[in-house]
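Below you'll find the structure, written out as structure tokens, and then a few comments.
The values are calculated or read from the model by the stated rules, or taken from the named source; none is laboratory data. Predicted, not measured: the structure shown is a model, and the values here were computed from it. Backbone-built Cβ (ideal geometry, glycine too); neighbour counts: all protein chains shown. Calculation scope for accessible area: heavy atoms of the full protein, side chains included, ligands and nucleic acids excluded. Shrake-Rupley method; radii C 1.70, N 1.55, O 1.52, S 1.80 Å.
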Amino acid sequence: MPQATPQPMPLYLVDDDEAVLDSLSFMLRQFGYEMTTFVSGLRFLEEVDLSQPGCVILDSRMPAISGQALQQELLTKQSPLGIIFLTGHGDLPMAVNAFRQGACDFFQKPVSGQALAAAIDKSMLHSQKAFEALQLSHNLATLSDREHQVLELLIQGKTNKQLSEALFLSLRTIEVHRSNVMKKLKVHNLAELAKYSQI
């Protein structure tokens, strides 16, 4: 019996065949998923907030915009959405290209519910990590050059006094910069600041 899956992020199905959408929706609901379906890739691009995490299951061959073209559009927009291809017309080169462009999985129809559910969970996790990385990069971009210098020294574990000596600034000025860095990066302590060392 399928296990209900917690679903904090949205799931989208994009396929020009409404019968496929109906059968997929029915199957995935048995696993606890709720989803939004689209019979057009263009409609999906118009109606979905592409800046948020989630998972989209794409058909490859669709009129107006193919699954591959839609994937490129998501890449162009730096969307964190996890992508799973589910197609009746797939081949190895198509699958290889999809993975190279960042797809999380590639299936040929028909697919088992168990395999697709596992892929969705993996894709959601991937999407959440991508979303968090984008947020960190966006926050970093708000820092001034001086604040970047302060950040680098803070990550190295330097004290305010050491920052003051290294940057030839007064302690008061260092305190102001440090406060601005913490606010702009939306962190409350040095432990939280450490995640920026990975970027």
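How big is the dipole moment of the chain about its Cα centre under a simple scheme where the beta carbon of each Lys and Arg is +1, that of each Asp and Glu is -1, and everything else is neutral? Debye, nearest 20, please.
Its charge dipole is roughly 1000 debye.
Send over the Kirkwood Rh of the chain, from the inverse of the averaged 1/r over different Cα pairs, rounded to one decimal Å.
19.2
Please compute the length gained on full extension between Glu47 and Thr173, using 0.36 nm multiplied by the number of residues separating them and subtracting their Cα-Cα distance.
Full-extension gain reported as 40.7 nm.
In whole Hz and in residue order, list the ³J(HN,Hα) couplings for segment 105-110 that follow from phi through the Karplus curve 6.51 cos²θ - 1.76 cosθ + 1.60, θ = phi - 60°; x for Gly and Pro.
Each residue of segment 105-110 in turn: 7, 9, 10, 9, 6, x Hz.
Please compute the net charge surrounding Gly88, taking Lys and Arg as +1 and Asp and Glu as -1 over other residues with Cβ under 15 Å from its Cβ.
Within the 15 Å Cβ shell, the charges total -4.
Could you tell me which of Cys104, His89, Gln156 has its Cα farthest along the dipole of segment 75-199 towards the positive end, charges placed at Cβ (Lys, Arg +1; Asp, Glu -1), taken about the Cα centre?
Gln156
In segment 108-189, which trypsin sites (Lys or Arg not before Pro) fall in coil by DSSP and have 12 or fewer other Cβ atoms within 10 Å?
Lys186
To the nearest 10 square angstrom, what accessible area does Ile84 show with a 1.4 Å probe?
Roll a 1.4 Å probe over it and Ile84 shows about 0 Å².
Is there a quick way to get the dipole size of segment 68-166? I mean about its Cα centre, with the Cβ of Lys and Arg at +1 and of Asp and Glu at -1; what is the value in debye to the nearest 20?
80
What is the sum of charges, Lys and Arg at +1 and Asp and Glu at -1, for the other residues whose Cβ falls under 12 Å from the Cβ of Asp17?
Taking every other residue near Asp17 into account, the sum is -3.
How long is the gain from Gln108 to Glu132 if the chain were fully straight, where each residue apart is worth 0.36 nm and the alpha carbon distance is subtracted?
5.6 nm
With every protein chain left in place, what is the accessible area per residue of segment 58-103 in square angstrom, probe 1.4 Å?
47
Whole-Hz Karplus ³J(HN,Hα) for segment 96-101, in order, using 6.51 cos²θ - 1.76 cosθ + 1.60 and θ = phi - 60°, x for Gly and Pro?
Residue by residue, segment 96-101 yields 4, 5, 4, 5, 4, 8 Hz.
How many angstrom separate the Cα center of segment 1-74 from the Cα center of segment 100-141?
When both Cα centres are located, 13 Å separates them.
How charged is the neighbourhood of Thr159? Take every other residue with its Cβ under 13 Å from the Cβ of Thr159, and add Lys/Arg as +1 and Asp/Glu as -1.
+1
Within the chain, how many Lys pairs that are eight or more residues apart, or on different chains, come under 29 Å at the alpha-carbon?
Counting lysine pairs in the chain gives 27.
Could you order Glu18, Glu73 by accessible surface area, starting with the largest, using a probe radius of 1.4 Å?
Descending order: Glu18, Glu73.
Summarise the accessible area of the chain (1.4 Å probe, protein heavy atoms) by the percent that is carbon and sulfur.
Reported share for carbon and sulfur atoms: 54 percent.
With each label point set 7 Å from Cα along the Cα-Cβ vector, what nm distance links Phe26 and Ile155?
The answer from the label model is 5.2 nm.
For every helix of n ≥ 4 consecutive DSSP H residues, a contribution of -39,500 (n - 2.57) applies; sum these over the chain, divide by its total residues, and give [θ] at 222 nm rounded to the nearest 500 deg cm²/dmol.
Calculated mean residue ellipticity at 222 nm is -16000 deg cm²/dmol.
Under 5 Å between amide hydrogens, which residues at least 5 positions from Gly82 or on another chain qualify, with H placed 1.01 Å from N in the peptide plane?
Gly54, Cys55, Val56, Ser127
Per residue of segment 165-174, what does 6.51 cos²θ - 1.76 cosθ + 1.60 with θ = phi - 60° give for ³J(HN,Hα)? Whole Hz please, x for Gly and Pro, Karplus curve as stated.
Using θ = phi - 60°, the values come out as 6, 5, 9, 6, 10, 5, 4, 4, 5, 4 Hz.
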